[in-house]
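S.K.: This is the structure I have questions about; it appears just below.
The values are calculated or read from the model by the stated rules, or taken from the named source; none is laboratory data. This structure is a prediction, so every number in the text was calculated from the model and none was measured. No Cβ is skipped: glycine too gets one built from the backbone with ideal geometry, and neighbour counts run over all protein chains shown. Only protein heavy atoms, including side chains, enter the accessible area calculation; ligands, DNA and RNA are left aside. Shrake-Rupley method; radii C 1.70, N 1.55, O 1.52, S 1.80 Å.
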There are 2 protein chains.
Amino acid sequence: DELPADLNIPDNYVDYTLKNTKPLPPVTWNNWWKELNYLSLAILVVAPSIALYGAFTTKLRWETAVFASFYYFVTGVGITAGYHRLWAHRSFNASKPLQYFLAAAGAGAMEGSIKWWSRGHRAHHRYTDTDLDPYNAHRGLLWSHIGWMIVKPRRKPGVADVSDLSKNEVVRWQHRWYVWLILLMGIGVPTVIPGLLWGDWRGGYVYAGATRLVFVHHSTFCVNSLAHWLGDAPFDDKHTPRDHLVTALVTLGEGYHNFHHQFPADYRNAIRWYQYDPTKWFITFCSWFGLASHLKTFPDNEVKKGQLTMHLKRLRETQEGLIWPQENTDLPVISWQSSDCRLHQVQEQSQRRPLILVAGFIHDVSTFIEEHPGGRHLLVKNIGKDASTAFFGGVYDHSNAAHNLLSMMRVGILHGGAPHGLEDKVVPPSQRLRVARH
Amino acid sequence: DELPADLNIPDNYVDYTLKNTKPLPPVTWNNWWKELNYLSLAILVVAPSIALYGAFTTKLRWETAVFASFYYFVTGVGITAGYHRLWAHRSFNASKPLQYFLAAAGAGAMEGSIKWWSRGHRAHHRYTDTDLDPYNAHRGLLWSHIGWMIVKPRRKPGVADVSDLSKNEVVRWQHRWYVWLILLMGIGVPTVIPGLLWGDWRGGYVYAGATRLVFVHHSTFCVNSLAHWLGDAPFDDKHTPRDHLVTALVTLGEGYHNFHHQFPADYRNAIRWYQYDPTKWFITFCSWFGLASHLKTFPDNEVKKGQLTMHLKRLRETQEGLIWPQENTDLPVISWQSSDCRLHQVQEQSQRRPLILVAGFIHDVSTFIEEHPGGRHLLVKNIGKDASTAFFGGVYDHSNAAHNLLSMMRVGILHGGAPHGLEDKVVPPSQRLRVARH
Ligand code: HEM
Ligand code: HEM
Ligand SMILES: [Fe+2]
Ligand SMILES: [Fe+2]
Ligand SMILES: [Fe+2]
Ligand SMILES: [Fe+2]
């Protein structure tokens with residue numbers, strides 16, 4: 001228990017394990033009742049039943065409603081700031097008092113001990129979207145939400161080291177008193193406080209106890225289900241995790257899950273101040289009073305690289321969906337033969353079709369003569385001529401869009417025809433920057 | 001008057017004109033009163049005076065308020081759909097009835113005749129942001145808003161052809177009856193309708209007449225001022241025009257002005273259905289009844305190129321602001337000398353500092369050992385070894401971010417050390433796509 005569980009695994013552990021260990025046979029109509037985890041099932045059924053029955057039979061007092069919401073935040077933060085960001089990810093250091101608070105509050109969420117929870121969560125990060133991930137999102141929303149708890153897993157989760165937690169005094173304390181802690185924090189405190197302070201024992205039990213518990217549960221489960229399904233991938237799209245405000249709202253800020261899987265050791269999930277991440281705010285708040293320290297962040301330089309890559313990926317698609325001018329190498333080069341007239345050939349051809357020379361390229365403007373916003377006369381008078389000066393500001397400093405459009409009309413290159421000083425006009429504005437692949 | 005005004009201008013007209021024609025001497029404290037355009041000034045002062053005095057002395061009836069707003073749209077559309085998009089830009093064809101309606105409605109906005117207005121506007125597009133542009137935005141917000149009308153221009157606007165308009169029957173009709181039309185449409189109609197229909201002659205005159213006129217005026221002026229100042233440039237940033245919702249709201253949709261200057265012959269200013277462009281909606285509506293036809297649009301392929309370029313421009317800046325891994329050519333190549341141990345040199349060095357080989361690159365992980373989210377033990381056990389398999393999924397399929405970070409720790413290349421099948425891992429994910437300049 002003292003050595004890291006993954007210290008001596010082989011370098012090809014993942015492939016090897018997936019290939020050489022057999023999953024349990026699939027659940028079928030004949031055996032499903034043998035394959036259920038009845039303890040989880042009980043908790044997941046009893047709590048909402050009490051909540052529902054209670055809601056129909058118990059008057060909701062406003063003091064109790066306020067306290068239940070508050071207690072939802074307390075026990076929720078026990079999971080998000082405690083179980084998740086502190087213990088599973090070690091994303092900051094917490095003083096003893098804060099650790100005890102988080103361990104107790106987290107117990108009130110009744111989601112298992114810190115150690116059990118972190119082991120599963122670390123395996124989830126380590127083997128995301130594979131069969132070694134206990135909540136593998138590829139098995140569907142229902143599976144990642146609650147299926148994985150109710151049905152016995154078909155495969156042991158991949159190895160994940162939690163030896164650091166085994167050494168932690170508070171984690172051990174919680175483990176030892178776990179049953180008492182869930183009774184106290186999950187049921188006792190939420191019943192007693194409304195009971196003693198404003199005489200609403202039953203309301204406390206129903207609303208701050210059971211109902212609140214159902215909300216905290218599904219709030220956490222949403223991180224495994226919704227957060228792997230709804231939203232965009234601003235940092236990386238290799239795996240299923242996604243960012244979405246709605247998920248953040250129902251999970252105390254854990255909904256920026258695309259960021260989180262890329263940068264799991266970062267104490268933040270949301271990096272912008274206006275994004276909803278109350279768990280981050282709580283940790284920051286604690287740090288002001290010395291209760292939390294060493295708040296870890298991933299280097300901003302690398303965070304921005306992820307965003308840049310994702311932007312470029314999208315722009316690359318746009319770029320590939322567009323039609324571009326012909327490659328210079330595909331254009332015929334018309335050579336300068338007659339010495340007294342550099343545009344001899346062009347002029348000859350332009351008896352038959354309207355050709356205009358601009359920056360060394362020969363353009364067929366037949367489809368555009370009647371369309372030209374500057375009027376047909378300005379094109380007509382330039383047929384068979386070099387219109388570079390007029391086009392690039394002498395008569396009208398055409399927009400970049402006009403220059404782009406012009407380049408789509410290229411039909412040839414005049415040998416030696418690129419006038420001095422117009423070298424930068426050879427590449428149309430839309431091709432000066434592009435997304436290049438290595 | 002029949003031939004285009006710009007038919008015979010030289011190819012270097014703009015430069016030539018700016019260099020060889022002298023602007024009038026600047027306005028000074030001694031001569032300013034000689035340099036004012038008193039007719040414009042009168043209109044711009046009298047209308048708001050009546051509106052203001054009227055507002056304090058005239059009860060506003062709701063019928064009149066509704067009619068005044070409606071009439072604001074009617075006369076406004078006369079300018080935006082008529083003067084601007086139809087006549088100045090020829091962005092669609094209008095049937096005679098629609099043309100007469102637009103010419104009359106536009107007269108009610110009292111902004112000069114179609115011909116005078118279009119001449120100025122075409123010069124504005126042709127010479128945007130130069131001294132040949134009558135409303136040159138570089139001369140400041142006040143100038144482009146009203147200054148240019150009140151102070152006599154220092155320079156004749158650049159040549160702009162309106163010979164097409166001189167030939168237009170409706171334009172000529174409006175020119176001929178212009179004084180009568182502004183009296184009728186600017187004052188007569190808005191006074192008489194509320195007067196006859198609900199007996200509010202005075203309210204009609206004050207609100208639908210004067211107040212409405214002030215709004216229409218400044219609404220149009222905003223296209224020259226605000227639209228060249230507020231917002232972003234999603235299509236091109238060579239010149240001052242900008243896109244902004246606020247400008248669109250106060251100008252019947254002319255506020256997508258960055259688009260408009262790039263694609264002036266497009267009957268739309270806003271290209272998305274959810275953007276506010278009622279002028280476009282009006283034109284579309286007319287086309288359903290055969291009143292408008294040949295609605296011109298710029299090819300979507302070219303519009304998207306503009307947007308792509310602007311995005312790439314911004315990403316290029318981001319890219320240049322980031323720190324990238326050392327160039328391969330700057331890294332020392334450590335050669336494979338001892339035949340029985342391919343990592344001999346690396347191992348030797350790694351007595352002194354923690355070096356890890358991944359995909360043929362030697363990395364110094366000294367700053368990262370304690371930071372490694374997977375735990376220090378996994379790094380320590382790989383010091384002096386090739387961790388490629390473990391790093392790329394054998395133990396943990398590191399995120400792209402981890403790979404990017406790893407590449408920042410490169411200190412050398414092992415000669416011949418890039419293992420087969422890992423060629424694609426040599427380039428970190430953040431460098432696989434990049435913004436390249438031609
Ligand atoms: C040869 C191919 C040409 C193409 C593809 C082309 C394209 C365009 C386009 C797209 C516009 C709309 C405004 C803009 O996007 O900047 C425009 C406007 C204009 N063009 Fe051209 N043009 C060509 C040649 C010329 C030439 C040779 C002249 C002058 C001799 C000229 C004079 C003008 C003028 C004066 C306008 C301004 C219209 C206005 O805003 O009132 N164009 N052109
Ligand atoms: C050599 C440089 C290394 C760097 C820069 C590095 C970087 C990282 C980073 C940034 C993470 C956080 C999760 C992520 O972004 O994917 C991570 C997690 C991890 N790394 Fe490494 N790593 C290195 C080497 C290794 C090696 C050699 C192994 C295995 C032998 C390893 C095993 C792990 C494991 C198992 C995790 C998962 C932690 C968790 O999510 O619970 N790393 N590493
Ligand atoms: Fe996840
Ligand atoms: Fe996590
Ligand atoms: Fe403009
Ligand atoms: Fe315009």
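S.K.: Hey, if you drop one equal point scatterer on each alpha-carbon of the range B:84-129 and run the Debye formula without solvent, what base-10 log of I(q)/I(0) do you get at q = 0.15, 0.19, 0.28 Å⁻¹?
M.R.: -0.40, -0.62, -1.08
S.K.: Given Cα pairs under 8 Å that are at least 6 residues apart, what percent is the relative contact order of chain B? Don't skip to the end; give the middle numbers.
M.R.: Details: 645 pairs, mean separation 63.1, N = 438.
Normalised by residue count, the contact order of chain B is 14 percent.
S.K.: Dipole size in debye (nearest 20) for the protein assembly as shown around its Cα centre, Lys and Arg Cβ +1, Asp and Glu Cβ -1?
M.R.: Values: 88 positive and 74 negative charges, 275 e Å.
Once rounded to the nearest 20, the dipole reads 1320 debye.
S.K.: I've got another one for you. Sorted from shortest, what are the nm distances separating the label point of B:Gly290 from equivalent points in the other copies, each placed 7 Å from Cα along Cα to C-beta?
M.R.: 8.7
S.K.: How large, in Å, is the range A:359-435 by the Kirkwood hydrodynamic radius built from its alpha-carbon pairs?
M.R.: Values: mean 1/r = 0.0767 Å⁻¹.
After inverting the pairwise mean of 1/r, the radius is 13.0 Å.
S.K.: Beyond 15 Å, what percent of the Cα pairs of the range B:384-426 remain? Mind showing how you got there, number by number?
M.R.: Working: 411 of 903 pairs.
When every Cα pair of the range B:384-426 is considered, 46 percent fall beyond 15 Å.
S.K.: While we're here: Give me D for the range A:19-86 in µm² s⁻¹, whole number, from Stokes-Einstein with Rh from the Kirkwood sum over alpha-carbon pairs, 25 °C and 0.890 mPa s. Could the numbers behind the result be given before it?
M.R.: On the way: Rh = 16.1 Å.
After rounding, the answer is 152 µm²/s.
S.K.: Let me ask another. Between A:Trp201 and A:Tyr53, what FRET efficiency comes out of the Förster formula 1/(1 + (r/R0)^6) with R0 = 22 Å and r the beta carbon distance, rounded to 0.05? Intermediate results must be reported in sequence, preceding the final value.
M.R.: On the way: r = 16 Å, r/R0 = 0.73.
That pair, A:Tyr53 with A:Trp201, gives E of 0.85.
S.K.: Further question: Quick one: ranking A:Leu41, B:Leu308 by accessible area, 1.4 Å probe, largest first, what do you get?
M.R.: Values: A:Leu41 50, B:Leu308 5 Å².
Of A:Leu41, B:Leu308, the descending order of accessible area is A:Leu41, B:Leu308.
S.K.: From largest to smallest, what semi-axes in whole angstrom does the protein assembly as shown give when each is the square root of 5 times an eigenvalue of its alpha carbon gyration tensor?
M.R.: On the way: eigenvalues 880, 354, 106 Å².
Gyration-tensor ellipsoid for the protein assembly as shown: 66, 42, 23 Å.
S.K.: Okay, next question. Across all directions of projection, what mean area in square nanometres is found for the Cα convex hull of chain A? Show your work: numbers first, answer last.
M.R.: Working: hull surface 136.3 nm².
Computing the convex hull of the Cα atoms and averaging its projections yields 34.1 nm².
S.K.: Using +1 on the beta carbon of Lys and Arg, -1 on that of Asp and Glu, and nothing else charged, what's the dipole of chain B about the Cα centre, debye to 20? Walk me through the numbers on the way to the answer.
M.R.: Numbers: 44 positive and 37 negative charges, 222 e Å.
So the magnitude is around 1060 debye.
S.K.: Which listed residue (A:Thr211, A:Tyr267, A:Ala227) has the Cα farthest towards the positive end of the charge dipole for the range A:201-279, taking +1 on Lys and Arg C-beta and -1 on Asp and Glu C-beta about the Cα centre?
M.R.: Positive-most Cα among the choices belongs to A:Thr211.
S.K.: What ratio of Cα Rg to 2.2 N^0.38 Å holds for the range B:29-129?
M.R.: On the way: Rg = 17.2 Å, N = 101, 2.2 N^0.38 = 12.7 Å.
Compactness ratio reported: 1.35.
S.K.: I've got another one for you. So what does A:Cys222 come to for accessible area, using a 1.4 Å probe and Å² rounded to 10?
M.R.: My reading of the accessible area for A:Cys222 is about 20 Å².
S.K.: Inter-copy label distances at A:Trp173, 7 Å along the Cα→beta-carbon direction, one decimal in nm, shortest first?
M.R.: For A:Trp173, the inter-copy label distances come out at 9.2 nm.
S.K.: Any of A:Lys238/A:Lys280; A:Lys19/B:Lys381; B:Lys167/B:Lys280; A:Lys381/B:Lys115; A:Lys115/A:Lys313 with alpha carbons more than 28 Å apart? Name them for me. Each step should come with its number before you reach the end.
M.R.: On the way: A:Lys238/A:Lys280 25 Å; A:Lys19/B:Lys381 25 Å; B:Lys167/B:Lys280 26 Å; A:Lys381/B:Lys115 25 Å; A:Lys115/A:Lys313 39 Å.
Long pairs (Cα-Cα over 28 Å): A:Lys115/A:Lys313.
S.K.: Just the accessible area for B:Tyr53, please: 1.4 Å probe, Å², rounded to the nearest 10?
M.R.: Approximately 150 Å² for this residue.
S.K.: Under 5 Å between amide H atoms, partner at least 5 residues away or on a different chain: which partners does B:Ile413 have, H built in plane at 1.01 Å?
M.R.: B:Val333, B:Ile334, B:Ile362
S.K.: Working with all protein chains in place, sort A:Thr284, A:Thr21 by solvent-accessible area computed with a 1.4 Å probe, largest first.
M.R.: Numbers: A:Thr284 35, A:Thr21 65 Å².
Sorted by accessible area, descending: A:Thr21, A:Thr284.
S.K.: Can you give the FRET efficiency to the nearest 0.05 for A:Glu63 and A:Trp177, using r as the Cβ-Cβ distance and R₀ = 25 Å?
M.R.: After rounding to 0.05, the efficiency reads 0.25.
S.K.: Oh, and also: Which value, in Å² and to the nearest 10, is the accessible area of B:Arg434 when all protein chains are kept and the probe is 1.4 Å?
M.R.: For B:Arg434, the solvent-accessible surface is approximately 100 Å².
S.K.: Here's something else I'd like to know. Could you point to the residue in A:Asn93, A:Trp62, A:Ala137 farthest towards the positive end of the range A:1-154's charge dipole, with +1 and -1 charges on the Cβ of Lys/Arg and Asp/Glu respectively?
M.R.: A:Trp62
S.K.: Now, a different point. Mind checking which helices in chain A clear 20 Å along their axis (Cα) and have mean Kyte-Doolittle hydropathy of 1.0 or more, DSSP H runs only? Please list the in-between numbers first.
M.R.: On the way: long enough: A:38-57 (28 Å, 1.78); A:62-77 (23 Å, 0.94); A:300-321 (32 Å, -1.50).
Counting only whole DSSP H runs, the qualifying helices are A:38-57.
S.K.: Under a 1.4 Å probe, what is the accessible area of chain A per residue, stated in Å²? Before the final figure, lay out each step's value.
M.R.: Details: 21110 Å² over 438 residues.
Per residue, chain A has 48 Å² of solvent-accessible surface.
S.K.: Mind checking which chain B residue has its Cβ closest to the axis relating B to A, and how many whole Å off it is?
M.R.: Result for the axis mapping B onto A: B:Ala436, 2.
S.K.: Principal axis extents for the range A:108-159, Cα atoms only, whole Å, descending order, please.
M.R.: Sorted from largest, the Cα extents of the range A:108-159 read 30, 23, 16 Å.
S.K.: Which residue, A:Phe285, A:Phe361, A:Phe259, tops the fluctuation ranking in a GNM of chain A built on C-alpha contacts under 10 Å?
M.R.: Of A:Phe285, A:Phe361, A:Phe259, the Gaussian network model singles out A:Phe361 as fluctuating most.
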